[in-house]
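Notes follow the structure.
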There are 2 protein chains.
Amino acid sequence: MKEITRHDIYTKAKEWILAAGQHIREVIDEPLYIDTKSNPNDLVTHMDRNTEKYFVKKIKETYPEHLLLSEEGFGDDLDSLEGTVWIIDPIDGTMNFVHQKRNFAISIGIYHEGVGEIGLIYNVMEDVLYSAQRGQGVYKNDKKLPHLDNKLELKESIFAINSVWACENKKVNEKLIQQLIRDCRGTRSYGSAALEFAFLSEGIIDGYLTMKLAPWDYAAGIILYREVGGEVAQANGEELDLISNSTVFASNKQIFENVINDYVELKG
Amino acid sequence: MKEITRHDIYTKAKEWILAAGQHIREVIDEPLYIDTKSNPNDLVTHMDRNTEKYFVKKIKETYPEHLLLSEEGFGDDLDSLEGTVWIIDPIDGTMNFVHQKRNFAISIGIYHEGVGEIGLIYNVMEDVLYSAQRGQGVYKNDKKLPHLDNKLELKESIFAINSVWACENKKVNEKLIQQLIRDCRGTRSYGSAALEFAFLSEGIIDGYLTMKLAPWDYAAGIILYREVGGEVAQANGEELDLISNSTVFASNKQIFENVINDYVELKG
């Protein structure tokens with residue numbers, strides 16, 4: 001993608017994400033219409049749907065040739081990243097949105113022929129936009145984030161790991177995850193993959209491991225994190241495909257191989 | 001304690017906690033001198049020590065008869081809560097302070113003859129003060145927080161649990177903790193007990209279980225949480241003594257007995 005094209009798309013995407021966030025802040029105290037999806041804890045609200053529809057309308061009006069892969073199903077039915085594809089989560093961290101009315105984000109990753117060109121993660125209630133254009137670094141609002149400190153060892157690292165992966169489960173050997181939890185400095189869990197990638201990119205957490213994310217959960221996040229020098233892949237070390245659900249492991253380069261090899265043993 | 005006395009002490013404590021927080025914000029980007037205490041992950045900085053000394057000086061000057069129980073050891077050596085006792089954590093969440101430069105709090109609980117009279121938890125970087133005077137509810141800055149919704153069931157509850165308690169450990173049966181993690185709606189972990197109590201008091205998390213806190217970690221928090229109708233005790237259901245390290249379990253009244261009876265089995 002040409003830089004001038006990228007910059008034009010970035011400018012529009014930024015304008016729309018800020019407008020969508022402002023609208024959410026304005027109506028945050030109004031009653032929510034909450035449904036569940038795959039299970040009783042997989043929540044969706046009318047705000048997820050309306051926010052997604054807003055982006056679909058804007059994108060289709062402005063860039064009719066662009067495609068959309070998005071959480072609530074108002075986008076296109078894609079099985080590849082050919083062309084220019086917007087991968088959108090209108091509200092990442094819906095459980096936080098419903099229970100906390102904060103700690104959620106709008107996440108937009110824009111890919112051209114499979115290459116991540118633009119990433120935007122908007123922490124709506126704090127009005128903090130993390131943004132990246134390929135090759136130009138990551139910004140937290142107007143401040144450029146420094147490159148990661150890739151000298152940090154595991155014993156000094158803070159990992160974002162949800163406690164479910166330390167419990168007996170069908171995806172990963174929990175005994176090794178428990179050892180990882182003991183061997184790192186501490187763990188945190190914030191309940192939004194997009195924000196966890198934003199925090200990784202800021203260097204305030206140093207690793208993130210999870211056994212199930214959809215492409216819209218990490219499409220923007222991996223663009224940001226790679227831009228500051230972080231590593232990210234499936235938890236078996238293979239490349240993410242951005243089309244299917246996947247395990248995800250992200251960390252700084254210093255500890256990446258060590259954790260994948262010594263602490264992550266996938267089941268089945 | 002008379003209301004007029006309580007209000008006078010509250011006014012001073014609020015003034016000092018805001019001033020201490022403002023100072024921390026001003027110097028947050030200066031180099032930190034970091035030591036470790038009981039283990040390599042038990043961090044302390046010159047800012048913990050200087051902030052505690054500031055409170056000791058102010059309190060001893062203004063209320064020479066008051067006593068202090070505080071994390072870094074510049075207070076008094078207490079084995080009871082006789083008289084008026086300030087229980088202070090100058091920086092709760094020191095690991096967050098060091099690694100994240102946010103998500104930490106100053107915590108002050110003030111007790112008179114063992115009764116919690118005043119609680120203050122200051123989320124320093126967000127400039128949000130949670131405060132309570134006995135019988136007068138909890139305020140988040142100037143906004144009074146509502147009484148808890150005590151109808152929430154476990155399956156709809158978000159628990160703050162650090163993942164270490166789902167791992168094999170010497171304190172608690174991890175199998176039951178794993179079942180609790182599966183049976184609640186979701187878990188979070190923020191790395192500051194004081195903030196976790198503040199979030200409980202706001203109703204944005206519904207339960208908090210941990211196997212080791214010092215009195216300064218929870219002295220303010222339990223005053224706030226009880227003011228909005230929350231239950232808190234040791235994890236075996238016994239009263240907290242505010243002098244020794246302890247397990248702590250806090251939740252809304254609806255699920256308190258259920259969790260203590262069915263999910264918490266202490267070892268040894």
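The values are calculated or read from the model by the stated rules, or taken from the named source; none is laboratory data. Predicted model, so just to flag it, every value in this text is computed and none were measured. As a convention, Cβ positions derive from the backbone with ideal geometry for all residues, glycine included, and neighbour counts pool all protein chains shown. To get the accessible areas, we keep the full protein, side chains included, count just its heavy atoms, and leave off ligands, DNA and RNA. Shrake-Rupley method; radii C 1.70, N 1.55, O 1.52, S 1.80 Å.
Tabulated results
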item: On Cα atoms only, tilt of B:174-183 relative to the major axis of chain B in degrees; result: 80 degrees
item: Estimated inter-spin distance, B:Tyr54 and B:Lys155, nm [label 7 Å along Cα→Cβ]; result: 4.9 nm
item: By average C-beta atoms within 10 angstrom, highest first, the peptides A:238-244, A:151-157, A:249-255; result: A:249-255, A:151-157, A:238-244
item: Viscosity 0.890 mPa s, temperature 25 °C, Stokes-Einstein D of segment A:218-265 from Kirkwood C-alpha radius, µm²/s; result: 223 µm²/s
item: Ascending list, in nanometres, of distances separating the A:Asn150 label from those of the other copies (7 Å, Cα toward Cβ); result: 5.6
item: Vicinal HN-Hα couplings computed from phi for segment A:87-100 (Karplus, 6.51 cos²θ - 1.76 cosθ + 1.60; Hz; Gly/Pro x); result: 10, 10, 10, x, 9, 8, x, 5, 4, 4, 3, 6, 8, 10
item: Portion, in percent, of the accessible area of chain A that falls on carbon or sulfur, probe 1.4 Å; result: 47 percent
item: Cut-off under 5 Å, modelled amide H: who pairs with B:Val128 long-range; result: B:Asn123
item: Segment B:173-268 pair-distance distribution - Cα-Cα, 5 Å bins, rounded %; result: 3, 13, 27, 26, 21, 8, 1
item: Spin-label model distance (nm) - B:Glu238 vs A:Asn258, 7 Å beyond Cα toward Cβ; result: 4.1 nm
item: Dimensions (Å) - chain A, Cα atoms, principal axes, largest first; result: 50, 42, 35
item: Among B:Ile118, B:Ile204, B:Ile106, residue whose mean-square fluctuation peaks in a GNM of chain B (springs only between Cα atoms under 10 Å); result: B:Ile204
item: Other-copy label distances relative to B:Gly237, 7 angstrom Cα-Cβ extension, nm; result: 5.1
item: For segment B:212-220, 3J(HN,Hα) per residue [Karplus equation, 6.51 cos²θ - 1.76 cosθ + 1.60, θ = phi - 60°, Hz, x = Gly/Pro]; result: 7, 10, 8, x, 5, 6, 10, 4, 6
item: Distances in nm from B:Lys267 to the matching label points in the other copies, shortest first (labels 7 Å along Cα to Cβ); result: 2.1
item: Inter-label distance, nm, simple model (7 Å from Cα along the C-beta direction), B:Tyr139/B:Ser38; result: 3.5 nm
item: Complex-versus-alone comparison for segment B:17-44, residues with a loss of 20 Å² or more in accessible area, probe 1.4 Å; result: B:Asn41
item: Solvent-accessible area per residue for the protein assembly as shown (1.4 angstrom probe, square angstrom); result: 41 Å²
item: DSSP bridge pairs, chain A: antiparallel proportion in percent, nearest 5; result: 80 percent
item: Square roots of five times the Cα gyration tensor eigenvalues for the protein assembly as shown, Å; result: 40, 24, 23
item: Ellipticity estimate at 222 nm from DSSP helix runs (n ≥ 4, -39,500 (n - 2.57)) divided over the protein assembly as shown, nearest 500; result: -11000 deg cm²/dmol
item: Exceeding the 21 Å Cα-Cα cut-off - candidates A:Lys14/A:Lys53; B:Lys155/B:Lys175; A:Lys170/B:Lys212; result: A:Lys170/B:Lys212
item: 10 Å Cβ neighbours from other chains, averaged over peptide A:187-199; result: 3
item: Whole-number D in µm²/s for segment A:42-131 (Stokes-Einstein; Kirkwood sum over Cα pairs; 37 °C, 0.692 mPa s); result: 243 µm²/s
item: Magnitude of the charge dipole, the protein assembly as shown, Cβ model with Lys/Arg +1 and Asp/Glu -1, debye to 20; result: 320 debye
item: Loss of accessible area when A meets B, both sides summed, Å² nearest 100, probe 1.4 Å; result: 3100 Å²
item: DSSP bridge orientation in segment B:3-144 - percent antiparallel, rounded to nearest 5; result: 90 percent
item: Amide H within-cut-off set for B:Ser70, under 5 Å, with H built and near neighbours excluded; result: B:Gly75, B:Asp76, B:Ile88
item: Whole-angstrom gap from segment A:2-50 to segment A:121-183, using each part's C-alpha centre; result: 22 Å
item: Mean Cα-pair separation over length for segment B:154-262, i.e. relative contact order, pairs under 8 Å, 6 or more apart, %; result: 26 percent
item: Interchain or long-range residues, amide H under 5 Å from B:Ile34's placed H; result: none
item: Karplus-derived 3J(HN,Hα), 6.51/-1.76/1.60, for each residue of segment B:2-18, Hz, glycine and proline x; result: 5, 4, 5, 5, 4, 5, 5, 5, 4, 4, 5, 4, 5, 4, 5, 5, 5
item: Relative contact order of chain B, defined on C-alpha pairs under 8 angstrom at six or more residues apart (%); result: 16 percent
